[in-house]
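S.K.: Dropping the structure in here first, questions after.
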Amino acid sequence: MIDYFYRLRTDAFNLTQGLLSTPIEDLYYEDYYSFSASMLGHEEWKHHRALASINAQFPIRHAGILKMEPHTGYDWHTDTDRALAINMILDTRQNGHPSETLFSPDHGHAAQYKVSQLTYSPFSLYLFNTQVKHTVINHAEPRYLFSVEFEPTEFTNYGNVLNFCLAQGL
């Protein structure tokens with residue numbers, strides 16, 4: 001069985017409060033892999049216990065906010081420059097953000113294919129396997145996602161970071 005994502009056992013409410021101290025729509029965004037991205041400094045996230053623990057073992061290159069416009073999709077793909085990510089939707093509605101994140105290891109092999117959906121929970125960080133084909137479909141509102149990228153090393157991959165998180169109770 002392929003792991004697509006893992007919800008970390010940590011509350012990220014305090015992290016979101018720090019990230020959202022500036023109105024999210026007022027941040028400076030630049031083009032980044034067909035998203036609009038606002039890069040964050042280490043100060044924005046380094047005090048979060050889980051991220052600090054993971055960073056000590058698997059160095060984080062940078063973190064940022066990815067913005068996706070309403071009524072847009074991001075085509076099926078695997079990430080070329082990152083082996084994994086940690087993501088968190090920045091939305092506090094009980095029903096979640098009106099977007100869909102889908103994974104499919106067999107997309108493109110036939111007219112029909114199996115999918116698994118990641119339904120983000122508020123204030124939750126997800127280890128995200130970027131090496132499985134995935135897509136995002138955004139609906140009626142802008143979508144803002146906190147996303148962490150790691151320094152590439154031979155040990156920094158989804159399986160190793162997942163095993164570390166499980167061993168640390170994260």
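We did not get these values from a lab; they are worked out from the coordinates using the rules stated. Treat the numbers as computed from the prediction; the structure is a model and nothing was measured. Note that each Cβ is placed from the backbone with ideal geometry, even for glycine, and that neighbours are counted across all protein chains shown.
S.K.: Using label points projected 7 Å from each Cα along Cα→Cβ, tell me how many nm separate Asp11 and Trp76, to one decimal.
M.R.: Going by the 7 Å Cα→Cβ label model, 4.0 nm.
S.K.: Going highest first, how would you order 68-74, 9-15 by mean Cβ packing within 10 Å? Display every interim value, and only then the final one.
M.R.: Values: 68-74: 14.0, 9-15: 16.1.
Going by the mean number of other Cβ atoms within 10 Å, highest first, we get 9-15, 68-74.
S.K.: On to the next question. Quick check: the distance between the Cα centres of the range 114-170 and the range 1-61, to the nearest angstrom?
M.R.: With the range 114-170 and the range 1-61 each reduced to a Cα centre, they are spaced 11 Å.
S.K.: Something else about it: Could you work out the relative contact order of the chain? I mean the mean sequence separation of Cα pairs under 8 Å and 6+ apart, divided by the number of residues, in percent.
M.R.: Working: 315 pairs, mean separation 56.3, N = 170.
Over the chain, the number comes to 33 percent.
S.K.: Hey, if you drop one equal point scatterer on each alpha-carbon of the chain and run the Debye formula without solvent, what base-10 log of I(q)/I(0) do you get at q = 0.10, 0.14 Å⁻¹?
M.R.: Each listed q corresponds, in turn, to -0.36, -0.72.
S.K.: Please work out how much length the chain gains when fully extended from Ala167 to Asp26, using 0.36 nm per residue of separation minus the C-alpha to C-alpha distance, in nm with one decimal. Mind dumping the intermediate values first?
M.R.: Working: separation 141, 0.36 × 141 = 50.76 nm, distance 3.87 nm.
Gain in length upon complete extension: 46.9 nm.
S.K.: Given the DSSP H assignment, sum -39500 (n - 2.57) over each helix run of at least 4 residues in the chain and divide by its residue total; what's the result at 222 nm in deg cm²/dmol, nearest 500?
M.R.: On the way: 3 runs with 27 residues, N = 170.
Helix contribution divided over all residues of the chain: -4500 deg cm²/dmol.
S.K.: Okay, moving on. Please give the peptides 58-66, 114-122 ranked by average Cβ packing (other Cβ atoms within 10 Å per residue), highest first, as a rough proxy for protection. Can you show the working numbers first?
M.R.: Values: 58-66: 17.9, 114-122: 14.6.
Ranked by mean Cβ neighbours within 10 Å, highest first: 58-66, 114-122.
S.K.: Along the range 102-112, what does the Karplus equation 6.51 cos²θ - 1.76 cosθ + 1.60 (θ = phi - 60°) give for ³J(HN,Hα), rounded to whole Hz, x for Gly and Pro?
M.R.: 3J(HN,Hα) across the range 102-112, in whole Hz: 10, 10, 7, x, 10, 4, x, 8, 7, 5, 10.
S.K.: Same structure, new question: Can you list the residues, at least 5 places off or on another chain, whose amide H is less than 5 Å from the amide H of Leu90, using H built in the peptide plane?
M.R.: Tyr144, Leu145, Phe146
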